[in-house]
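Working notes, beginning with the structure itself.
Read the figures in this text as sums done on the coordinates, not as results from a lab. All of these numbers come straight from a predicted model, not from anything done at the bench. As a convention, Cβ positions derive from the backbone with ideal geometry for all residues, glycine included, and neighbour counts pool all protein chains shown.
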Amino acid sequence: MQLSKNEFKQIYKLKQKKFRKLEKLVIIEGIRLIEQVIENGLIPQKILSLRNSKNPFSQFPSAEITQEQLKNLSFTQNPQNVLAVVPIKAEKIQQKRLLLYLDGLSEPGNLGTIFRTAAAANIDGIILSENCCEIWNDKVIRSSLGTVFSLPSEIHSAKWLKNQNAHIVASSLQNASNLYQSKLSDSNQIIVIGSEAFGISEEVRQICDEFIKIPMSNRVESLNAAVAAGIIIFHYSQQA
């Protein structure tokens with residue numbers, strides 16, 4: 001069945017954040033990513049496969065698209081032959097033993113990588129500040145390998161952080177102790193990672209109970225935010 005012009009126009013709108021938010025739908029692409037979100041219990045609303053190519057997800061509602069339509073709907077330079085329209089689904093956080101708070105993270109690739117790393121380390125959930133980039137951005141979804149759909153996440157301000165009954169530890173280059181001398185708190189713990197350019201906001205800094213830094217050589221001033229987050233996450237998660 002060929003995708004109608006009207007359906008194409010409606011799906012094409014999902015490339016814009018405001019329409020993703022309005023329709024609560026997002027486009028994902030590639031067999032591996034689609035398989036991953038299906039394994040996590042998400043049911044595609046529509047599978048779009050290139051005309052005359054194999055559709056590995058034919059058990060779901062499907063339509064064929066032209067090469068030009070594929071190019072227009074894809075976010076990548078060399079798209080695979082299959083796309084999916086899936087519902088936006090953010091799991092609510094249930095457990096709070098070890099959470100991550102991202103303060104103003106702006107790079108989609110970093111955000112997606114952090115989601116994937118946090119899922120691998122079995123973190124209970126991720127809190128995003130209100131000025132973080134959108135988790136349904138295509139780069140976030142792809143770099144997270146779809147874990148944005150399965151790892152619980154919420155959006156909250158610094159006021160929420162202040163009201164939590166938890167030990168709050170933040171990554172900082174200033175007045176910070178060695179990460180490897182820091183132990184997981186006996187109470188709930190929240191790890192704060194700041195933005196790539198500006199680090200932790202002053203408002204959040206005032207809330208934190210402890211500051212830690214990763215010991216490293218003086219050849220570099222700092223690490224990529226996603227790399228630093230991964231090191232810190234695993235340091236604490238292995239103590240949980």
Inset, instruction - First measure r as the distance between the Cβ atoms of residue 78 and residue 216, then evaluate 1/(1 + (r/R0)^6) with R0 = 35 Å and state the FRET efficiency to the nearest 0.05. - result: 0.45
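Tally Lys and Arg at +1 and Asp and Glu at -1 over the other residues with C-beta under 15 Å from the C-beta of residue 31: what net charge comes out? Intermediate results must be reported in sequence, preceding the final value.
Details: positive: 32, 54, 142; negative: 29, 35, 39.
Charge balance near residue 31 sits at 0.
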Legend entry - Cβ-defined net charge surrounding residue 133, 14 Å radius [Lys, Arg +1; Asp, Glu -1]: -1
Legend entry - Per-residue ³J(HN,Hα) for the range 159-172, Karplus 6.51 cos²θ - 1.76 cosθ + 1.60, θ = phi - 60°, Hz, x for Gly and Pro: 4, 4, 4, 5, 8, 7, 8, 7, 7, 10, 10, 10, 6, 8
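Given the Cα-Cα distance of residue 202 and residue 55 and 0.36 nm per residue of separation, how much length would full extension add, in nm?
Between residue 202 and residue 55, full extension yields an extra 47.8 nm.
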Legend entry - Projected label distance in nm at residue 106 and residue 32, using a 7 Å step from Cα toward the beta-carbon: 3.0
Legend entry - Spin-label pair residue 89/residue 45, simplified geometry with 7 Å Cα→Cβ offset, distance in nm: 1.4
Inset, instruction - Quick one: which residues, 5 or more positions from residue 107 or on another chain, have an amide H under 5 Å from its amide H? H modelled 1.01 Å from N in the peptide plane, none for Pro or chain starts. - result: 196
Inset, instruction - Be a star and scan the range 124-139 for residues whose amide nitrogen sits under 19 Å from the point 7 Å along the Cα-to-Cβ vector of residue 240. - result: 124-129
Inset, instruction - Per residue of the range 191-196, in order, report the coupling 6.51 cos²θ - 1.76 cosθ + 1.60 (Karplus, θ = phi - 60°) as ³J(HN,Hα) in whole Hz, putting x for Gly and Pro. - result: 9, 9, 10, x, 5, 4
